[in-house]
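These notes concern the structure reproduced below.
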Amino acid sequence: MQLLNTLYVTTPESYIHLDNDTLRVEVEKTTRLRVPLHHLGAVVCFGYVSVSLPLMHRLADDGISLVLLDSHGRFKARLEGAVSGNVLLRQAQHGLGRDPAFALAVARNCVAGKVRNCRQVLLRGSREAKVPEDAELLARGACDLAATLRALPTASDLDTLRGLEGEAARQYFGALTSLLRASARASFRMDGRSRRPPRDRINALLSFVYSLLMNDCRSAVEAAGLDPQIGFLHAVRPGRAALALDLMEEFRAFADRLVLSLINRGQIGRDDFVEREGGAVLLEGDARKTVLVAYQERKQESLSHPLLSEPVPFGLLPHVQARLLARTLRGDTAEYLPYLVR
């Protein structure tokens, strides 16, 4: 399994087009970048980027996703070629998606993976905290998440399970600010999770990184031959990639750790955001490039996987998990096992 690159085009008024077997990026008719197509797994365009029609055709033919986001990272559209994968696998997915017991079992494990990995973030922070009050708050948050993990097996339906997940998220985000260095807390104070739009700087940064992670999880689901629209934890709605959202849950803690690192290292500061009318806070300017570079570097880092005999780059973990989910849908494995941080 090869980890291909994602090309992020962020410069306004860029023009990307096909040049033989190469993608060329031009700004004001000056070539800024050439990338061989065989190195790419996806092309993500932010804001006002023009794409030539021949390039669109070639990307579709080569199975390279073209994703269009607005200038602040919100999803707009996705271009893909013919659907690949075994139709029998998708039939099984659609059928099992209507099986309440199966859907609950998969959804429960998705939530368990998320809560367990988030708990590891708090435990690690508690061990490394230099202030006793921070260590105590983080340890208490980890205990709360442990209680949620114990309660998950008792959830008899999806609504109850989603309620447990929501309460765990509230407890987790309530403790997250204590993982920031003291000098950054005033600028990155967080009053719970806010979206559409984010209401503070840390929520804006989280939303931006989550959008990158979501794109990778959707690509992994599709590469495994699954239908991204039919999920188990997230309700099926028109235009919503519910299965990709399900898969994303166990990886949110990785995105959170990246956000915390960017703030604690001073790579992202208070002046890298803008507040819009109505209270929306958005990531601006070169800060987006800083986040994109850090995210791509994170995808190259190797992690151990309990079911594989060799290290796996983080960028491939969603693909591994999507294939494990496909095996569960085929009946080759008894249950879907999420990836757990050691």
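The values are calculated or read from the model by the stated rules, or taken from the named source; none is laboratory data. Bear in mind that the values here come from a model prediction, so they are computed numbers and not experimental data. Positions of Cβ are backbone-derived with ideal geometry, glycine not excepted, and every protein chain shown enters the neighbour counts. Accessible surface is based on the protein model in full, side chains and every heavy atom, while ligands, DNA and RNA are left aside. Shrake-Rupley method; radii C 1.70, N 1.55, O 1.52, S 1.80 Å.
Annotations
- Being surrounded by 14 or more Cβ atoms within 10 Å (Cβ to Cβ) and out of contact with any Leu (no Cβ under 8 Å at 6 or more places or on another chain) is true of Gln296.
Quick grid of which residues meet (1) open to solvent by 30 Å² or more (accessible area, probe 1.4 Å); (2) at pLDDT 90 or above:
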site	(1), (2)
Leu205	no, yes
Leu213	no, yes
Cys217	no, yes
Gln229	yes, yes
Pro238	yes, no
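- Here Met248 clears all of (1) touching a Leu at 6+ places or on another chain (Cβ under 9 Å); (2) closer than 27 Å to Val111 by Cα; (3) open to solvent by 10 Å² or more (accessible area, probe 1.4 Å); (4) of a type outside the set (Lys, Arg) except the condition numbered (3).
- Hits in the range 104-140 - residues which are among the aliphatic types (A, V, I, L, M), farther than 20 Å from Ala169 by Cβ and part of a helix (DSSP H, G or I): Ala105, Ala135
- Considering only residues in the range 251-283 that are among the acidic types (Asp, Glu) and surrounded by fewer than 13 Cβ atoms within 10 Å (Cβ to Cβ), the one that is farthest from Ala175 (Cα to Cα) turns out to be Glu277.
- Pairs meeting the criteria (first residue in the range 38-64 and within 18 Å of Lys289 (Cα to Cα), second residue open to solvent by less than 60 Å² (accessible area, probe 1.4 Å) and among the basic types (Lys, Arg), beta carbons under 8 Å, at least 6 apart or on different chains) are Phe46/Arg288.
- Count of residues meeting criterion [of a type in the set (A, V, I, L, M), touching a helix residue (DSSP H, G or I) at 6+ places or on another chain (Cβ under 8 Å) and assigned to a strand (DSSP E or B)] in the range 1-39: 3
- Top-ranked residue in the range 84-116 [being open to solvent by 60 Å² or more (accessible area, probe 1.4 Å) and among the aliphatic types (A, V, I, L, M); ranked as farthest from Arg218 (Cα to Cα)]: Ala101
- Unique match (being touching a Cys at 6+ places or on another chain (Cβ under 9 Å), open to solvent by less than 20 Å² (accessible area, probe 1.4 Å) and either assigned to a helix (DSSP H, G or I) or more than 26 Å from Gly315 (Cα to Cα) (or both)) among Ala168, Ala175: Ala168
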